Amino acid sequence: MAKKKDAVSPEEELKEQLFYNQKNGYDLIDAKELIKLEKYCEGYKSFLNESKTEREAVKNAIELAEKAGFVPYEPGMELVPGSKIYKNNRGKALMLAVIGKKSLAEGAVAAAAHVDAPRLDLKQLPLYEDGEMAYLKTHYYGGIKKYQWLCTPLELHGVASLKNGETVEIVIGKEKDDCKFVITDLLPHLAADQVKKPASEFVPGESLNILIGSVPYACEGKDRVKLAVMSILNERYGITEEDFLSAELEAVPAFDVCDVGLDRSLIGGYGHDDRVCAYAELKAILELKAPSRTAVCILADKEEIGSCGTSGMRSDAFECFMEDLCDSQGVKLRHCFEKSLCISADVTNAYDPNFPETCEKRNNAKINYGMGICKYTGSRGKSGSNDADAEIVGLVRRAFADNGVVWQMAELGKVDQGGGGTVALYMADRNISTIDAGVPVLSMHAPFELVSSFDCYMTYKGVLACYGI
């Protein structure tokens with residue numbers, strides 16, 4: 001005989017009605033959606049593996065977009081509901097749009113993410129020899145813990161613009177059997193003084209020099225190892241040392257993306273921040289037919305150093321693109337912007353039980369609890385924050401509820417602990433209602449970051465839901 005369930009007390013019923021109770025995402029989805037989740041994440045892992053730099057991310061995004069029917073935008077081209085267009089900004093940033101049924105006078109829905117990531121850039125004259133070993137000098141890009149890049153296998157990716165106007169793509173270390181590079185560290189036996197230093201001083205920025213070779217050229221004189229290395233580069237890519245002056249070369253971790261954990265619930269790799277959100281909004285817009293309002297996907301550069309430059313979110317490139325779209329409908333850009341919504345799709349930190357003292361647990365995002373919504377970012381007293389208004393949070397809440405999106409509120413650490421920034425404030429400065437949202441990350445800005453497969457999938461679903469607002 002089945003055991004009769006205990007009656008629920010009026011107090012418990014009231015708690016169920018009035019209290020906010022979060023649940024682990026895996027308790028909320030069925031087997032059918034789990035298959036969709038796994039398929040989505042396989043696509044993301046492939047994209048991340050092939051997108052070690054912002055240039056590669058843009059190139060791969062364009063390839064996916066063209067397969068989905070997107071075409072390069074040309075001023076004056078006919079645009080009708082369902083038209084799919086993209087604008088390539090100098091190969092380092094990208095804007096895509098699907099024209100909606102409603103006029104742009106009623107606004108657009110944009111999702112903005114960045115495709116740059118912390119790394120080591122080569123200096124203008126990087127190659128030198130010391131101790132009969134050849135090195136490349138670097139200048140780190142973005143916020144990193146410098147000591148994490150010691151003894152980490154590295155690859156070189158980028159381009160060199162030659163005197164004759166040709167641009168040469170350079171990729172060394174990507175293939176399984178290709179050589180890798182490394183920044184050496186001091187052995188523990190001789191590190192008595194080194195280990196006494198604070199982490200920020202453990203390795204000076206000028207010491208992040210990459211070992212690139214050690215065999216001398218078969219000749220007499222100085223810099224024989226440097227000459228041997230330069231000879232290999234010249235033979236392979238046709239470059240001379242002077243061509244470094246007009247090159248963009250980045251040293252990135254030589255890690256393949258992989259599943260982490262016995263349950264394979266986590267994805268480990270380099271560059272989750274913020275290609276995990278970039279892929280989510282890209283995948284979402286590729287699936288749109290003819291949305292109610294025009295949908296825009298922005299893949300921006302330079303976020304890690306302040307969103308500056310022609311390819312950053314502060315650039316007028318976005319205004320130029322949107323103004324062209326507005327002009328095609330006889331709409332003023334400012335009227336479009338004031339009715340528009342932007343999802344600033346950027347990662348947030350995930351609660352880490354190894355470092356509980358940095359977070360306020362009630363308000364920090366957690367792994368496997370879905371897309372993280374950040375009402376505000378900034379640091380300490382919300383400095384440098386967009387701070388979305390209650391109405392926008394409510395609008396997004398309703399869209400998520402209507403589309404089965406599992407989500408959570410997120411805050412970037414304790415009030416006085418630190419904080420961080422996104423592109424949100426630059427979109428809000430344009431008079432666009434903006435809210436931060438994205439994937440929670442463990443070990444953010446490290447050479448090897450972790451995200452939850454569940455959170456990745458829900459961020460894609462969340463952006464897709466917002467495109468329908």
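The values are calculated or read from the model by the stated rules, or taken from the named source; none is laboratory data. The model shown is predicted, which means the values in this text are computed figures rather than measured ones. As a convention, Cβ positions derive from the backbone with ideal geometry for all residues, glycine included, and neighbour counts pool all protein chains shown. Just so you know, the surface numbers come from the protein's heavy atoms only, side chains and all, with ligands and any DNA or RNA stripped out. Shrake-Rupley method; radii C 1.70, N 1.55, O 1.52, S 1.80 Å.
Things to note:
- Protein accessible area in the chain, 1.4 Å probe - carbon and sulfur %: 52 percent
- Exposure check, 1.4 Å probe, all protein chains in place: LYS59 carries approximately 120 Å² of accessible surface.
- Summed side-chain charge close to LYS366 - residues other than LYS366 whose Cβ falls under 14 Å, Lys, Arg +1, Asp, Glu -1: -2
- Peptides 153-163, 390-400, ordered by how many other C-beta atoms sit within 10 Å of their residues on average, highest first, read 153-163, 390-400.
- For the stretch 210-251, GluC sites (Glu not before Pro) meeting the loop criterion (DSSP other than H, G, I, E, B) and having at most 13 other Cβ atoms within 10 Å: GLU220.
- Between ASN21 and ASP327, the distance separating the two model label sites (each 7 Å from Cα on the Cα→Cβ line) works out to 5.7 nm.
- By the Kirkwood approach, averaging reciprocal distances over each pair of separate Cα atoms, the chain gets a hydrodynamic radius of 24.0 Å.
- Evaluated over the stretch 254-381, the count of Lys pairs having alpha-carbon atoms less than 28 Å apart is 12 (only pairs 8 or more residues apart or interchain).
- Measure of compaction for the stretch 313-446 (Cα Rg per 2.2 N^0.38 Å): 1.16
- Considering helices alone, the calculated mean residue ellipticity of the chain at 222 nm is -8000 deg cm²/dmol, with DSSP H runs of length four and up weighted by -39500 (n - 2.57) and normalised per residue.
- Coordinate range of the alpha-carbon atoms in the stretch 129-238 per principal axis, descending: 49, 36, 28 Å.
- The calculated FRET efficiency for the pair VAL182 and TYR237, based on their C-beta separation and a Förster distance of 25 Å, comes to about 0.75.
- Nearby lysines by direct alpha-carbon distance to LYS197 (threshold 22 angstrom, same-chain neighbours under 8 apart not counted): LYS145, LYS146
- Three principal axis extents describe the C-alpha atoms of the stretch 1-82; from largest down they are 69, 32, 27 Å.
- Of all DSSP bridge pairs formed entirely within the chain, close to 70 percent run antiparallel.
- Proximal charge balance of HIS445 [Cβ under 14 Å; K/R count +1, D/E count -1]: -4
- Using the 1.4 Å probe convention, the accessible area of the chain works out to 49 Å² per residue with neighbouring protein chains retained.
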